[in-house]
Amino acid sequence: MTILKNPIVTEKMTAESDSFNRYGFVVDRKANKIDIAKVIEEMYGVTVDKVRTMNYTGKPRSRNTKAGAISGRTKSYKKAIVTLAEGDTIDFYSNV
């Protein structure tokens, strides 16, 4: 089971990482805070200070087409905001 799905790289999360040393990740729905902290410490070689998680449920969406209305849902996911210890950073752009 892969716990980390992908990092969240948005303007808001970049500002959070610059100001408060916080980084966002989309994680597996069944992962807990201890597992998330352990994986991030192993993967990036940093010290995790705090982990906050939040579950997002999929929202209903519909659109009108020639064949009629199509309805569905967006995906549900779990997000983790990780605060690192003082002096530690994660560089997502090193491979670009």
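Computed from the coordinates by the stated procedures, all read-outs in this text should not be read as laboratory data. Please read these numbers as outputs of a predicted model, since none were measured by experiment. As a convention, Cβ positions derive from the backbone with ideal geometry for all residues, glycine included, and neighbour counts pool all protein chains shown.
General observations
- Against the main long axis of the alpha-carbon atoms of the chain, helix 33-44 sits at an angle near 70°.
- MRE, 222 nm, helices only [DSSP H, n ≥ 4, -39500 (n - 2.57), over the chain, to nearest 500]: -7000 deg cm²/dmol
- Taking 7 Å steps out from each Cα toward its Cβ at F92 and K50 produces label points 2.1 nm apart.
- Exposed-site-free run, longest, the chain (rule: trypsin sites (Lys or Arg not before Pro); DSSP loop; at most 15 other C-beta within 10 Å): 31-65
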